[in-house]
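The values are calculated or read from the model by the stated rules, or taken from the named source; none is laboratory data. Since the structure is predicted, the reported quantities are computational estimates derived from the model, not experimental observations. Note: ideal-geometry Cβ built from the backbone for every residue, glycine included; neighbour counts use all protein chains shown. The protein model used for the area step is the full one, side chains on, heavy atoms only, and it has no ligands, DNA or RNA in it. Shrake-Rupley method; radii C 1.70, N 1.55, O 1.52, S 1.80 Å.
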Amino acid sequence: MCCSGFLKMMMFIFNGGIFLAGVVILGVGVWVKVDSGSLLGLVEDMDGAPSGLSQLANVAYLLIAVGAVLLLIGFLGCCGAVKESRCMLLTFFSIVLILFLVEVAGAVVLLVFDDLAEDLLGHLEGEVKQSIRNQYGRTEGFTSLWDATMEEFTCCGYKNYTDFEGSLFNELGMDLYPQTCCNQTITVGVCNTLEAERSNIDGCFQKLLQLIEENAVIIVAVILGIAALEIAAMVVSMVLYKQIGNKA
């Protein structure tokens with residue numbers, strides 16, 4: 001009886017951890033989707049965009065799905081322990097095992113694409129520069145998207161301010177760049193070539209890489225923690241499953 005109570009308590013602890021981890025994973029997935037949406041939106045529709053970019057975007061949906069499932073199995077594990085239901089415990093074990101395998105596969109994908117992200121996005125440099133020169137200042141939707149992205153992430157162009165050379169500003173004979181290409185604390189007046197060069201604002205290419213790398217580290221760390229909880233929960237659920245069977 002004492003052992004049964006201890007196992008139930010351990011199931012509550014492990015499944016509570018899994019439930020909270022599901023909340024974290026779900027939140028990170030939404031965060032990745034919202035934060036990376038504008039940056040990936042600038043490049044994923046470009047002609048010649050690598051197919052790997054769509055997989056980078058799909059990572060957010062995978063995280064949201066995994067987070068939602070973790071919430072459900074955390075609840076299922078607690079119910080199985082309280083009701084001493086062998087069916088619920090066996091279902092819990094099976095779902096956790098499948099989810100564990102999915103998480104391992106997801107972690108591998110994240111690590112692989114973290115290494116390939118720079119190459120995938122680097123191949124787009126020429127196409128992105130050309131689209132900026134052809135559409136920035138002319139197409140309202142394209143211009144608004146770039147302006148919002150550069151303001152949110154404090155970046156300028158794809159690589160730097162030179163990406164805007166030959167755009168509408170320069171064709172009109174005005175030495176002007178978007179205000180985000182200049183450091184507002186040291187810039188006096190308009191953002192021209194001299195001020196943009198002196199400000200040396202990073203391009204959005206670097207910000208996107210940084211976003212991917214930082215999120216990958218966070219996600220992999222959370223997945224490793226969840227995997228440890230899941231292994232412990234599977235062991236306890238099987239011990240409790242066997243004990244309930246012996247009592248019956």
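Do we have Glu127 as over 28 Å from Ile25 (Cβ atoms) and among the charged types (D, E, K, R) here? Against the criterion (over 28 Å from Ile25 (Cβ atoms) and among the charged types (D, E, K, R)), Glu127 qualifies. Within the range 207-248, track down each residue that is polar (S, T, N, Q) and within 31 Å of the chain's Cα centre (by Cα). Of everything in the range 207-248, those that are polar (S, T, N, Q) and within 31 Å of the chain's Cα centre (by Cα) turn out to be Gln210, Asn215.
Comparison of Val217, Val235, Val239 shows that the only residue that is more than 16 Å from Leu111 (Cβ to Cβ), among the β-branched types (Val, Ile, Thr) and either free of Cβ contacts under 8 Å to residues at least 60 places away in the same chain or in contact with a Ser or Thr (Cβ under 8 Å, 6 or more places away or on another chain) (or both) is Val235.
Kindly check whether there is at least one residue in the range 197-206 that is modelled with pLDDT under 80 and surrounded by fewer than 17 Cβ atoms within 10 Å (Cβ to Cβ). Spell out how you get there, then give the answer.
Our first condition is that a residue be modelled with pLDDT under 80; within the range 197-206, this holds for none.
No, the range 197-206 has no match at all.
When residues in the range 132-159 are screened for being open to solvent by 30 Å² or more (accessible area, probe 1.4 Å), modelled with pLDDT of 85 or more and closer than 19 Å to Gly122 by Cβ, 1 of them pass. Of the helices (runs of 4 or more DSSP H) that lie entirely inside the range 145-248, those containing 3 or more residues that are closer than 30 Å to Gly29 by Cβ span 204-247. If you go through the range 160-187 and keep only what is surrounded by 20 or more Cβ atoms within 10 Å (Cβ to Cβ), hydroxyl-bearing (Ser, Thr, Tyr) and at pLDDT 80 or above, you end up with Tyr161, Tyr177, Thr180. Selection of the range 75-106 for residues being touching a Gly at 6+ places or on another chain (Cβ under 6 Å) and free of Cβ contacts under 8 Å to residues at least 60 places away in the same chain yields only Met88.
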